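**Q** Quick one: this structure, given as structure tokens, is what I'll be asking you about.
Where a number appears in this text, it was derived from the coordinates with a stated rule and is not lab data. Everything numeric here is computed off the predicted structure, so don't read it as measured data. Ideal geometry is used to build each Cβ from the backbone, glycine not excepted, and the neighbour counts take in all protein chains shown.
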Amino acid sequence: MSLSVAAAVFPLVFLGELPDKTMFASMLLATRGRPIAVWAGSVAAFAVHVVIAVGIGVALFHLISHRALDLVVGVIFLASALYSFLSRAHPAHGIDAGGWTGRNAVLTSAVVVFLAEWGDLTQIITANLAARYHQPLTVGLAAFVALAAVSALAVIAGSGLLRFVSVRTTRLVTAVVLTGLAGYTFAQAAGG
């Protein structure tokens, strides 16, 4: 373990994830599920992605076209936007009638983050840094801690949002944001 390598990796991955679609997805998911469950799901997905990026990420990006990944992620964003727009909140509780238990929040967050992170900037950064420094454990741990920290910030912001904004409004905003992310992703696929 090299502290200097970790000190170089952490800020790059942290800053790379801050304006990222996954951060916004975690924030929006935290408006619907228990924050700790959303964070746990996000962190689980990030752990898998860090292992992939460090272990076989570089090779994987050469095998699967970035355009195909963007198209799949765009479709998932559109489907999520439609679901958010059409879902109804239970009037007494402000949550879906079907309920977002801890398990559902963990699973949903893990799947959304896992799919959204494919070919993402931070995954590419992590793969590149692992190749550059030849210290996969140090790079992996530093990247994972950075991603977990950004996810924690996003979940805290998202969970506090419902104190000021109605569930209906957050659903509509979520649908609009996800539709925008889908459009952006499709534009990336068309340009790539």
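**Q** Quick one: Cα centre-to-centre distance for segment 3-21 and segment 130-146, in angstrom?
**A** What the calculation gives is 10 Å, centre to centre.
**Q** Local charge sum around LEU121 (other residues, Cβ-Cβ under 13 Å, Lys/Arg +1, Asp/Glu -1)?
**A** -4
**Q** Report, as a whole number in µm² per second, the diffusion coefficient that Stokes-Einstein gives for segment 98-152 at 4 °C and 1.567 mPa s using the Kirkwood radius over alpha carbon pairs.
**A** Estimated via Stokes-Einstein, D reaches 102 µm²/s.
**Q** Show me the chymotrypsin sites (Phe, Trp or Tyr not before Pro) within segment 107-184 that DSSP assigns to loop and that have at most 11 other Cβ atoms within 10 Å of their Cβ.
**A** In loop regions of segment 107-184 (DSSP not H, G, I, E or B), the sparsely surrounded chymotrypsin sites (Phe, Trp or Tyr not before Pro) are PHE164.
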